[in-house]
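The values are calculated or read from the model by the stated rules, or taken from the named source; none is laboratory data. Source: prediction; values computed, not measured. Virtual Cβ from ideal backbone geometry, glycine too; neighbours counted across all protein chains shown. These accessible areas exclude ligands, DNA and RNA; they are computed on the full protein's heavy atoms, side chains included. Shrake-Rupley method; radii C 1.70, N 1.55, O 1.52, S 1.80 Å.
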Amino acid sequence: MVIVPGRQAPRRWLVTGAAGMLGSDLVALLRATPGAEVTALTRADLDVTDSIAVNAAVAGHDVVINTAAWTDVDGAETHEAEATAVNGGGVTNMATACAATGARLIQLSTDYVFDGKGAEPYPEHAATDPINAYGRTKLVGEQAVLAVLPESGYVVRTAWLYGASGKNFVRTMLRLSADRETVEVVDDQNGQPTWTGALAAQLIALGQAPEAPSGIYHGTAAGQTTWYGLARAVFEEAGLDPERVRPTTSDKFVRPAERPKYSVLGHERWAEAGIPEQEDWRAMLAASGVAAASAV
């Protein structure tokens, strides 16, 4: 654990959504951190829309990392009110509870708060303009954190996550590789594939940094690629022939929720917090071992 002279390092951590892909990595890293006491709450343990339950859960903690969310992007199109209750109302409950106890809140958000029409990385201060219901619900949560916790609230936007557990693109590609000779993957959406293990470490560093300015941060890997580029890299890491991956366009895979074409985020604010940016996505994929391990 990083301890700043003259400051007491946060000791009591609460991770919500602890059974998820990111949440499980957070819990594992925190439990390996000397001096850290970790409370891990899954969806079954805590309903974030219940303000009384949230108040009780937050009490006694120094840092709260909220990964609990409605994550069904397509389902949000027809259930926006229910998704907003979790991604907006639930986050408001969390922020209000943290304000009452003095805890620091780190809230996970998404690139979907942008319109995806950009051509250069979106800086943290860029204007938001969600193009689907999911993005709108996550923006409500962002606004709640910034309004309720102007000095101790942190919004970390991330995108294109993959990890050793849970459903994600990397594992899907490896599953398809076992069933199909070739795989078609869209080559007209740009983003930053990000390993949950690397993001978890960065979030913990943010929680440990007593002088980190509050507000919005972007937690994604450096560099950029397309889903097609990521799929080829996954095949390479798994020892498979990348030529089996064929490029296609988004109009061949129409889904209820529109996806942003450009989801590349800038990372300028990490320097203000004294925390390194994440490494390039390709090096991260290799270092994670996720593709190679999942192929076994």
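Per-atom-type breakdown for segment 48-107 gives carbon and sulfur 56% of the accessible area (1.4 Å probe, protein chains only).
Counting pairs of Cα atoms in segment 229-288, how many percent are more than 13 Å apart? List each step's numbers first, then the result.
Numbers: 1318 of 1770 pairs.
That tail contains 74 percent of the Cα-Cα pairs.
Under a model in which nothing but the beta-carbon of Lys, Arg (+1) and Asp, Glu (-1) is charged, segment 186-255 shows a dipole of about 180 debye around its Cα centre.
When both bridge partners sit in the chain, DSSP labels roughly 5% of those beta bridges antiparallel. Taking 255, 11, 232 in turn, the Gaussian network model of the chain (Cα-Cα springs below 10 Å) assigns the largest fluctuation to 255. Here's the picture: charge each Lys and Arg Cβ at +1 and each Asp and Glu Cβ at -1 in segment 152-229, and of 210, 177, 195 the one pushed furthest to the positive end of that dipole is 210.
From the P(r) of segment 10-124, can you give the percent of Cα pairs sitting at distances over 26 Å? Considering segment 10-124, 24 percent of its Cα-Cα pairs are separated by more than 26 Å. Accessible surface computed residue by residue for the chain, with neighbouring protein chains in place and a 1.4 Å probe, gives 43 Å² per residue. Principal axis extents of the C-alpha atoms in segment 130-215 (largest first, rounded to whole Å): 53, 30, 20. About the Cα centre of the chain, what is the dipole size in debye to 20, counting +1 per Lys and Arg Cβ and -1 per Asp and Glu Cβ, all else neutral? Computed charge dipole of the chain: roughly 500 debye. Starting from the Cα gyration tensor of segment 34-192, take the square roots of the eigenvalues, sort them a ≥ b ≥ c, and report rounded, prolate or oblate (rounded when a/c is under 1.5, otherwise prolate if a/b is larger than b/c, else oblate). Here segment 34-192 falls in the prolate category.
From the square roots a ≥ b ≥ c of the eigenvalues of the alpha-carbon gyration tensor of segment 58-141, which class results: rounded (a/c under 1.5), prolate (a/b over b/c), or oblate? Note, shape of segment 58-141 comes out oblate. Quantify, in whole percent, the carbon and sulfur part of the accessible surface of segment 180-224 (1.4 Å probe; protein heavy atoms only). In segment 180-224, the share of accessible area belonging to carbon and sulfur is 46 percent. Considering all C-alpha pairs of segment 206-264, those separated by over 20 Å amount to 53%. Counting only Cα atoms, the chain measures 55, 40, 37 Å along its principal axes, largest extent leading. Normalised by 2.2 N^0.38 Å, with N the number of residues, the alpha-carbon radius of gyration of segment 170-296 equals 1.19. By the rule of a C-alpha distance below 23 Å, with chain neighbours fewer than 8 residues away ignored, the lysines paired with residue 167 are 138, 252, 261. Electrostatic bookkeeping for residue 131 treats Lys and Arg as +1 and Asp and Glu as -1; over the other residues with beta carbon under 14 Å from its beta carbon, the sum is -1.
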